[in-house]
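The values are calculated or read from the model by the stated rules, or taken from the named source; none is laboratory data. Everything numeric here is computed off the predicted structure, so don't read it as measured data. All Cβ positions, glycine included, derive from the backbone under ideal geometry; neighbour counts span all protein chains shown.
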Amino acid sequence: MGLGKLGTALTAREILGLVSGDLEKMEVELRSASVGNIEAVSGIAHHLQGNGGKRLRPILLLIACRLYQEPSPDAIRLAAIVELIHTATLLHDDVIDNALIRRGQPAANVVWGNQRSVLAGDWLYMQAFQLTLRLRNFEILDLLISLTQQMVDGELLQLGWIGKLDVTEADSMELIDRKTASLFSACTRLGSIIGGASDAEQIRLGDFGWNLGMAFQLVDDILDFTSRESVLGKPVGNDLGEGKVTLPLIYALAEATPTERKLVERVLADSSYEHVPFSEIRRLVDRYKGVERARERAREFTQKARSLLAGVPASPARKALFAATDLVTGRDS
């Protein structure tokens, strides 16, 4: 194990150590909240929640709260709420994408079918909002409703771009904003709200989470080209196989020859690598430094996230948020 990898592992352990007790309470709340009257709902929720998720979003919420105070029972509940919302989005995404694998295991839609998976996702959304109402905080409820609308808007945008070659960098950034960064931003902002931060501090923490989320998704898009199935928990090149043209490929296509562009068109038409192997696409991306350019954009977002922490008083929670930016850009899964 190299020093860089060892350093990342230790940093992750330190972050988890800060909120491990909070997470244990959150898991109890999450399991309780995921029990429905219909067995399929509980089974699907537990299948996805127990399938290797890192709990990154509730962790960010809890650490943001700890910048100001120890998480209260309401903060623990709020951490469970954002994980419920995240779980619901994964269920819906897998149905829309016809996914076969999620985190190295059969996707819920493969086990239970599309109809049950969609309805279970709907149930989890409603359960999240029902739990939010118990907090009696309309600011939080308004933020979560706006967040959900943004994520649905992002899914609709992505559906409109499936199979299209002419997706731009601006299109990609808008999609990441709506589908990923908005949830990260909500988590850190919600943590600051429930922790009693000032309005200015809430905005700062929300901006931090947004930049972190942008970097997180860009690294995801990079790993789809550079990682291995055993690490990712899904096939490499999966995005393009599902008709999604992401930023590393967008950069390469901007300089590719007509013949090279036709290779990508064929994959999109086939929805598979039957006639054009993934290795050909990987060479195309490497030839035009698509991964390097996308990684530089991810670094820009992490640097912005770090700069936003400059005005936050020093504390173990601030150190953990700073370390999270390193984890996002240095991860391999």
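In table form, for the structure just shown:
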{"item": "Helices (runs of 4 or more DSSP H) completely within the range 104-201 that count 3 or more residues being over 21 Å from A80 (Cβ atoms)", "result": "108-112, 114-133, 138-161, 169-176"}
{"item": "Number of the exception - S117 against (1) free of Cβ contacts under 8 Å to residues at least 40 places away in the same chain; (2) small (G, A, S); (3) in contact with a helix residue (DSSP H, G or I) (Cβ under 6 Å, 6 or more places away or on another chain)", "result": "(1)"}
{"item": "Output for the range 181-209, where each listed residue is more than 21 Å from N137 (Cα to Cα) and free of Cβ contacts under 8 Å to residues at least 40 places away in the same chain", "result": "A181"}
{"item": "The range 193-217 - residue that is in contact with a Lys or Arg (Cβ under 8 Å, 6 or more places away or on another chain) and small (G, A, S) and, of those, nearest to I63 (Cα to Cα)", "result": "G195"}
{"item": "Residue check, A252 touching a Gly at 6+ places or on another chain (Cβ under 8 Å) and of a type in the set (G, A, S)", "result": "yes"}
{"item": "Flag if T87 is buried (at least 16 other Cβ atoms within 10 Å of the Cβ), of a type outside the set (F, W, Y), modelled with pLDDT under 95 and more than 18 Å from the chain's Cα centre (by Cα)", "result": "no"}
{"item": "Any chance E229 is free of Cβ contacts under 8 Å to residues at least 24 places away in the same chain and not hydroxyl-bearing (S, T, Y)", "result": "yes"}
{"item": "From S172, S185, S198, S146, residue being touching a Ser or Thr at 6+ places or on another chain (Cβ under 8 Å), of a type in the set (S, T, N, Q) and modelled with pLDDT of 95 or more", "result": "S172"}
{"item": "Subset tally (residues that are surrounded by 17 or more Cβ atoms within 10 Å (Cβ to Cβ) and either in contact with a strand residue (DSSP E or B) (Cβ under 8 Å, 6 or more places away or on another chain) or assigned to a helix (DSSP H, G or I) (or both)) for the range 260-277", "result": "5"}
{"item": "Selection from the range 227-259 of residues that are in a helix (DSSP H, G or I), surrounded by fewer than 17 Cβ atoms within 10 Å (Cβ to Cβ) and at pLDDT below 95", "result": "E229, S230, V231"}
{"item": "Within the range 120-173, tally of residues that are within 25 Å of I44 (Cβ to Cβ) and basic (K, R)", "result": "1"}
